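Visitor: Got a structure for you, questions after.
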Amino acid sequence: MINNKDTLCLLFIMKKHINPKIFPIADKIFAVQIFSLIELANEYKQLKKGANESIKSLNRGLCELVILAADAEPIEIVLHLPLICEDKNIPYVFVNNKYALGKACGLHRPVIACSLMPGINFKLNQQIKKIQDQIENSLI
């Protein structure tokens with residue numbers, strides 16, 4: 001049985017070993033907001049799951065936000081996505097856990113990247129804009 005002290009130690013060790021190539025990374029509160037946005041986008045079919053589909057939507061100019069997993073192994077399999085995002089002027093953010101990202105996407109498998117696309121749902125588009133603004137403010 002793991003008590004709270006051991007859990008805090010494990011979280012500290014996980015934070016200590018985060019790759020310096022990963023930036024910007026979402027904190028816990030921001031990650032929860034991102035996951036709820038992903039779940040909502042999945043309901044409205046405005047979500048592309050996986051690195052390949054995210055690349056396709058980026059290249060076609062269809063996505064507005066890209067979420068990446070910081071614990072992808074090896075991390076180099078997702079590090080080309082931020083370069084494409086910067087070229088296309090699309091905001092991106094890393095989250096800590098690929099399993100939590102997969103669960104938010106509605107899958108039982110880990111997901112290392114997903115992209116959110118605009119649609120006809122006004123509420124979802126507003127939330128995407130709010131998350132984009134928070135990412136841009138965290139970069140300043």
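Visitor: Consider segment 98-120. How many of its residues are over 11 Å from Ser54 (Cα atoms), modelled with pLDDT of 95 or more and either open to solvent by 40 Å² or more (accessible area, probe 1.4 Å) or not in a loop (DSSP other than H, G, I, E, B) (or both)?
Guide: Of the residues in segment 98-120, 12 are over 11 Å from Ser54 (Cα atoms), modelled with pLDDT of 95 or more and either open to solvent by 40 Å² or more (accessible area, probe 1.4 Å) or not in a loop (DSSP other than H, G, I, E, B) (or both).
Visitor: Let me ask something additional. Just one of the numbered conditions (1) in contact (Cβ under 8 Å) with a residue 60 or more places away in the chain; (2) out of contact with any helix residue (DSSP H, G or I) (no Cβ under 8 Å at 6 or more places or on another chain); (3) surrounded by 13 or more Cβ atoms within 10 Å (Cβ to Cβ); (4) not acidic (Asp, Glu) is not true of Leu139; which one?
Guide: (3)
Visitor: Cβ-Cβ below 7 Å, separation at least six or inter-chain, first residue in segment 90-102 and of a type in the set (Lys, Arg), second in a strand (DSSP E or B) and open to solvent by less than 20 Å² (accessible area, probe 1.4 Å): which pairs?
Guide: The qualifying pairs are Lys98/Ala69.
Visitor: Continuing with the same structure: Tell me yes or no: at least one residue of segment 63-73 is open to solvent by less than 90 Å² (accessible area, probe 1.4 Å), among the charged types (D, E, K, R) and in contact (Cβ under 8 Å) with a residue 40 or more places away in the chain.
Guide: Checking segment 63-73: at least one residue is open to solvent by less than 90 Å² (accessible area, probe 1.4 Å), among the charged types (D, E, K, R) and in contact (Cβ under 8 Å) with a residue 40 or more places away in the chain.
Visitor: Hey, does segment 34-41 have a residue that's surrounded by 15 or more Cβ atoms within 10 Å (Cβ to Cβ) and over 11 Å from the mean Cα position of the chain (by Cα)?
Guide: For segment 34-41, residues surrounded by 15 or more Cβ atoms within 10 Å (Cβ to Cβ) and over 11 Å from the mean Cα position of the chain (by Cα): present.
Visitor: Which one of the conditions (1) over 24 Å from Pro74 (Cα atoms); (2) at pLDDT below 50 does Ala41 fail to meet, given that it meets all the rest?
Guide: With respect to (1) over 24 Å from Pro74 (Cα atoms); (2) at pLDDT below 50, Ala41 is out only on (2).
Visitor: Suppose we filter segment 121-131 for residues that are closer than 16 Å to Lys48 by Cα and open to solvent by 60 Å² or more (accessible area, probe 1.4 Å); how many remain?
Guide: So the count comes out to 0.
The values are calculated or read from the model by the stated rules, or taken from the named source; none is laboratory data. None of these values were measured; they are calculated from a predicted model. Every residue, glycine as well, gets a Cβ built from its backbone with ideal geometry; the counts of neighbours run over all protein chains shown. Note: areas computed on protein heavy atoms with side chains; ligands, DNA, RNA excluded. Shrake-Rupley method; radii C 1.70, N 1.55, O 1.52, S 1.80 Å.
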